[in-house]
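For reference, the structure is listed below as structure tokens.
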Amino acid sequence: MKEKIISCIKGFLTAYALVTVFHTPLSMEAYESGLDFYIASVYELLGMYDFKFLLIGIVCSFFYLYTRQALRKQESGYSILACFFAACVLLGNSYHEAGCWEYCFGSMVNFLKTGLAFAGYSFMFHEILKGIDCFLQKGKFMDDKHHFFSEYAFLKTALILCVAYVPFLILSYPGNLCWDVIGQIEQVIFETGYSAHHPIVHTLLVGGFVQLGEVLFQSYEIGLFMYMLFQLLLFVSALAWTVEVLAKRKMKFGVLMVLVALYAITPVYSNMASTAVKDVPFVSFVIGYIICFSMLIENPQRIRSPKFTGCFILLQLGMILFRNNGVYVAGLSGIAAVIFLWKKYNVKERFKSILVFFAASIVISKMLLVIVGQILQVTPGSSGEMLSIPFQQTARYLQFYQKELTEDERESIEAVLGNVSEVAAKYDPDISDPVKALYNQDASGLELFSYFKTWFVCFFKHPAVYFEAFFHHIYGWFSPFIANSVRYEVDYDVISQQGLFPQASKLVLFYYRFAGRFSLLGVLENVGMYVWGLFFMTAFFWKRRNVRNMVTLSPLWVSLLICIASPCFFLHPRYAFPIVFTIPFLICFMISVGQRERN
């Protein structure tokens with residue numbers, strides 16, 4: 001009886017969490033009397049108990065009764081993670097709807113509603129995580145049966161994905177564009193001057209293809225389409241390689257089919273395959289890097305193979321050269337790997353591991369970039385690119401407390417960002433680019449030190465402003481309840497984007513907008529879901545003290561830190577592509593490692 005009562009209470013709280021709607025805090029001034037205000041507050045707290053609430057509550061109660069019996073012997077270990085996910089949902093919803101945390105902490109009523117919803121979500125996520133843990137632990141995902149992918153897995157997968165992606169590319173002829181790649185193309189065809197703001201190798205590649213199309217066919221469109229075919233080939237090859245690696249490890253046909261289906265039907269894959277953007281070749285190299293990185297962590301003796309290590313270094317070079325932040329992925333994850341594997345190598349192999357994991361690729365790439373930069377007179381990128389978070393916090397602070405600044409504080413900010421009134425006016429909570437554009441690249445080290453001293457002092461004066469600016473900047477990465485869109489809608493006069501036939505581009509655009517509204521497709525391309533997957537897999541291996549697999553996940557944790565430091569989440573989830581496009585493979589790979597050990 002006690003179990004049933006507890007399950008009913010959990011079911012009620014979960015239904016409350018799933019059904020309740022948050023609003024802007026009530027104001028007493030809007031009511032004729034205090035009594036009216038308190039009655040309205042009670043109504044707001046209780047919410048609506050309609051048939052939908054009753055149905056969800058009953059289903060959740062039976063769900064808790066079932067899991068209590070089915071997972072009775074299953075160890076937990078996910079309480080903290082479940083609470084973290086619940087907080088992500090509630091704070092994410094508040095920032096998405098209100099632009100601040102007032103839906104959670106704006107009033108006592110909202111605070112109590114948040115507490116009840118937090119409990120309901122925490123109970124739900126806790127049971128779900130336990131169920132997934134049980135499934136991964138007890139499921140059999142590998143066997144020796146011969147199946148479709150047992151032979152020529154790479155070619156078969158590549159063919160399937162081409163069939164899935166090419167129609168979108170043809171309909172989008174010559175290819176969808178984003179603002180970044182337009183600027184890169186213009187650097188080449190109009191000789192506007194090269195900039196290291198975008199990776200110069202990709203600028204030369206995409207601009208070179210477009211220029212080649214004009215030289216050979218008098219058509220920029222054909223040139224762009226040739227680049228799109230190259231990009232498609234690179235992307236498809238990387239994805240097909242993941243299936244081939246898993247097929248060689250005797251992964252079941254059903255698992256591989258699910259993975260291929262995920263690649264084929266998830267909108268973000270076909271979308272990126274038909275969009276000219278630096279992130280696609282970059283993530284293709286990242287996928288290859290993750291494959292080699294995982295295999296080296298699994299079997300450190302692979303470092304003795306010149307072919308394997310050569311391939312690994314080339315993939316790192318591609319990753320670094322095709323996106324400016326690729327060096328951080330290679331460097332930081334490489335350091336983690338070397339530290340983990342240090343005792344597994346002799347003295348000679350330790351030195352070699354440092355070269356293979358990060359040193360060689362970083363040194364070679366920097367040398368290449370210096371040489372190309374000197375030849376083409378490339379303008380260096382802004383050193384303020386990685387300062388999105390403090391700049392956003394300063395700008396938000398100035399909107400509320402500009403008058404409280406001392407003269408020294410004002411001067412220290414203006415030395416780095418310019419006039420404080422303009423900084424406040426440029427603040428956009430969704431993207432840091434308007435504020436970063438004000439950054440004075442000639443600011444000295446002493447002026448930067450003075451700015452950060454002021455930034456630190458202002459934090460202690462009004463810390464809530466800093467927290468709100470930070471959470472608004474990152475909330476979208478952490479909540480699957482927040483939809484994201486990755487289809488760029490950019491018109492460019494130099495290159496016609498009418499598609500294969502008139503209005504074809506609008507047909508493609510309709511599909512991607514619809515896909516975001518369709519639950520299954522929207523969830524499959526949701527960035528927050530994959531970030532949660534990263535958190536869960538880390539907790540899964542932490543629970544088992546499996547350091548090796550946690551190190552295997554290190555490149556994705558570096559990528560998440562890059563997402564947090566990036567200009568925004570809003571409409572730009574491409575910063576998380578290294579996580580989105582590799583988590584499915586990594587889960588399968590690490591499961592195969594565990595099952596091999598058990599066998």
Only one of Lys461, Lys436, Lys403 that is within 31 Å of the chain's Cα centre (by Cα), outside the structural domain of Leu561 (by TED's automatic domain parsing) and of a type in the set (Lys, Arg): Lys436
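Looking only at region 198-230, how many residues end up being assigned to a helix (DSSP H, G or I) and within 23 Å of Val372 (Cβ to Cβ)? Give the steps one after another, and end with the answer.
Residues of region 198-230 assigned to a helix (DSSP H, G or I): 200-217, 220-230.
Next cut, within 23 Å of Val372 (Cβ to Cβ) only: 200-215, 223-224, 226-227, 230.
Total meeting the criteria: 21.
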So Ile80, is it surrounded by 14 or more Cβ atoms within 10 Å (Cβ to Cβ), of a type in the set (A, V, I, L, M, F, W, C) and either outside any loop (DSSP other than H, G, I, E, B) or in the same structural domain as Asn546 (by TED's automatic domain parsing) (or both): no
Pick from region 300-326, criterion of a type in the set (Lys, Arg) and in a helix (DSSP H, G or I), ranking: nearest to Phe282 (Cα to Cα): Lys307
Number of the condition not met by Val420 [criteria: (1) surrounded by 17 or more Cβ atoms within 10 Å (Cβ to Cβ); (2) under 23 Å from Ile474 (Cα atoms); (3) outside the structural domain of Pro300 (by TED's automatic domain parsing)]: (2)
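Any idea how many residues of region 261-295 are more than 13 Å from Ala238 (Cα to Cα), touching a residue at least 60 places away in the same chain (Cβ under 8 Å) and part of a helix (DSSP H, G or I)? Spell out the reasoning first.
Filtering region 261-295 for residues more than 13 Å from Ala238 (Cα to Cα) gives 261-262, 264-268, 270-272, 274-279, 293-295.
Next, from what is left, pick out any that are touching a residue at least 60 places away in the same chain (Cβ under 8 Å): 262, 264-268, 270-272, 274-279, 293-294.
The next check asks that each one be part of a helix (DSSP H, G or I); those that pass are 262, 264-265, 267-268, 270-272, 279, 293-294.
The number of residues fulfilling the criteria is 11.
Checking the condition modelled with pLDDT under 95, in contact with a Cys (Cβ under 9 Å, 6 or more places away or on another chain) and among the polar types (S, T, N, Q), which residue from Thr266, Thr275 passes? First the steps, then the outcome.
Details: Thr266 fails: in contact with a Cys (Cβ under 9 Å, 6 or more places away or on another chain).
Of the residues listed, the single one that is modelled with pLDDT under 95, in contact with a Cys (Cβ under 9 Å, 6 or more places away or on another chain) and among the polar types (S, T, N, Q) is Thr275.
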Count of residues meeting criterion [surrounded by fewer than 16 Cβ atoms within 10 Å (Cβ to Cβ) and under 27 Å from the mean Cα position of the chain (by Cα)] in region 132-170: 5
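Quick grid of which residues meet (1) in the same structural domain as Asp279 (by TED's automatic domain parsing); (2) surrounded by 16 or more Cβ atoms within 10 Å (Cβ to Cβ); (3) at negative phi; (4) out of contact with any strand residue (DSSP E or B) (no Cβ under 7 Å at 6 or more places or on another chain):
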position: His198; (1), (2), (3), (4): yes, yes, yes, yes
position: Thr203; (1), (2), (3), (4): yes, yes, yes, yes
position: Leu216; (1), (2), (3), (4): yes, no, yes, yes
position: Leu224; (1), (2), (3), (4): yes, yes, yes, no
position: Phe230; (1), (2), (3), (4): yes, no, yes, yes
Filtered residue count, region 177-188, keeping only those that are touching a Ser or Thr at 6+ places or on another chain (Cβ under 7 Å) and modelled with pLDDT under 90: 1
Every residue from region 65-92 that is of a type outside the set (D, E, K, R) and at pLDDT below 90: Leu65, Tyr66, Thr67, Gln69, Ala70, Leu71, Gln74, Ser76, Gly77
Residue match in region 358-381 (condition: within 30 Å of Val201 (Cβ to Cβ), buried (at least 17 other Cβ atoms within 10 Å of the Cβ), in the same structural domain as Ser305 (by TED's automatic domain parsing) and without any contact (Cβ under 8 Å) to a residue 40 or more places away in the chain): yes
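Looking at Tyr43, Tyr38, Tyr64, can you tell me which residue is in contact with an Asp or Glu (Cβ under 7 Å, 6 or more places away or on another chain) and either assigned to a helix (DSSP H, G or I) or among the β-branched types (Val, Ile, Thr) (or both)? Before the answer, list the steps.
Values: Tyr43 fails: in contact with an Asp or Glu (Cβ under 7 Å, 6 or more places away or on another chain); Tyr38 fails: in contact with an Asp or Glu (Cβ under 7 Å, 6 or more places away or on another chain).
Result of the check over Tyr43, Tyr38, Tyr64: Tyr64.
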Single residue of Met537, Met550, Met590 found to be in contact (Cβ under 8 Å) with a residue 60 or more places away in the chain, in a helix (DSSP H, G or I), in the same structural domain as Leu246 (by TED's automatic domain parsing) and under 21 Å from Ala337 (Cα atoms): Met590
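So, in region 418-443, exactly how many residues are farther than 18 Å from Ala565 by Cα and touching a residue at least 24 places away in the same chain (Cβ under 8 Å)?
Taking region 418-443 as the starting set, the residues that turn out to be farther than 18 Å from Ala565 by Cα are 418-426, 440-443.
Among the residues that remain, those that are also touching a residue at least 24 places away in the same chain (Cβ under 8 Å) are: 423-424, 426, 440-441, 443.
The total comes to 6.
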Qualifying residues in region 388-405 (those that are aliphatic (A, V, I, L, M) and surrounded by 23 or more Cβ atoms within 10 Å (Cβ to Cβ)) - the one nearest to Ala565 (Cα to Cα): Ala395
Selection within region 172-196 - over 15 Å from Ile495 (Cα atoms) and either of a type in the set (D, E, K, R) or crowded, with 18+ Cβ neighbours inside 10 Å (or both): Glu191, Tyr194
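Looking at this structure, is Tyr492 of a type in the set (Ser, Thr, Tyr) and part of a helix (DSSP H, G or I)? Break it down stepwise before answering.
Values: of a type in the set (Ser, Thr, Tyr): yes; part of a helix (DSSP H, G or I): no.
No, not satisfied.
The values are calculated or read from the model by the stated rules, or taken from the named source; none is laboratory data. Since the structure is predicted, the reported quantities are computational estimates derived from the model, not experimental observations. For neighbour counting, all protein chains shown are included, and Cβ atoms are generated from backbone atoms with ideal geometry for every residue, glycine included.
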